[in-house]
1. Take residues that are in contact with a helix residue (DSSP H, G or I) (Cβ under 8 Å, 6 or more places away or on another chain) and tell me which of the strands (runs of 3 or more DSSP E) falling wholly in the stretch 1-96 contain 3 or more.
2. Considering the stretch 97-110 alone, what residues qualify as being surrounded by 12 or more Cβ atoms within 10 Å (Cβ to Cβ), at pLDDT 95 or above and either touching a helix residue (DSSP H, G or I) at 6+ places or on another chain (Cβ under 9 Å) or assigned to a loop (DSSP other than H, G, I, E, B) (or both)?
3. Applying the selection to the stretch 66-112, what residues are at positive phi and in contact with a strand residue (DSSP E or B) (Cβ under 9 Å, 6 or more places away or on another chain)?
4. Quickly run through the stretch 67-81 and pick out the residues that are surrounded by 12 or more Cβ atoms within 10 Å (Cβ to Cβ) and more than 25 Å from residue 42 (Cα to Cα).
5. Please verify whether residue 63 is in contact with a strand residue (DSSP E or B) (Cβ under 8 Å, 6 or more places away or on another chain), at positive phi and loosely packed, with under 13 Cβ neighbours inside 10 Å, treating the condition exactly as stated.
6. For residue 54, state whether it is in contact with a strand residue (DSSP E or B) (Cβ under 9 Å, 6 or more places away or on another chain), surrounded by fewer than 19 Cβ atoms within 10 Å (Cβ to Cβ) and touching a residue at least 40 places away in the same chain (Cβ under 8 Å).
7. How many residues does the stretch 1-23 hold that are over 19 Å from residue 99 (Cα atoms) and in contact (Cβ under 8 Å) with a residue 12 or more places away in the chain?
């Protein structure tokens, strides 16, 4: 378990729901990954990379709503700049399972 944080620290993290609108192979990545474009409605479209090729095919991801941190500083990954972080949890096989809302919501809605 990590150190406790106060509620103000939690409020600094901007987690939103977005819909994956484009999925491409990230051939230049060291580990198998996808390049994703995610639509956040009025907040625009952001790009991210994700090492989720082991249990998600590209067709499975297209139009899927996911939970994403949108206010992390951009991260350079090879020749690509990831501008958000898709949230997931490791299952018992060590694969990342994406977190999502249990019902469809408007793109850009804040997770609280």
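1. The strands (runs of 3 or more DSSP E) meeting that bar are 15-25.
2. 98, 99, 105, 107, 108, 109
3. Answer for the stretch 66-112, where residues must be at positive phi and in contact with a strand residue (DSSP E or B) (Cβ under 9 Å, 6 or more places away or on another chain): 78, 108.
4. 77, 78
5. Yes.
6. Details: in contact with a strand residue (DSSP E or B) (Cβ under 9 Å, 6 or more places away or on another chain): yes; surrounded by fewer than 19 Cβ atoms within 10 Å (Cβ to Cβ): yes; touching a residue at least 40 places away in the same chain (Cβ under 8 Å): yes.
When the stated conditions are applied, residue 54 passes them.
7. 1
The values are calculated or read from the model by the stated rules, or taken from the named source; none is laboratory data. Computed from a predicted structure; not experimentally measured. Methodologically, a virtual Cβ is constructed for each residue, glycine included, from the backbone with ideal geometry; neighbour enumeration extends over all protein chains shown.
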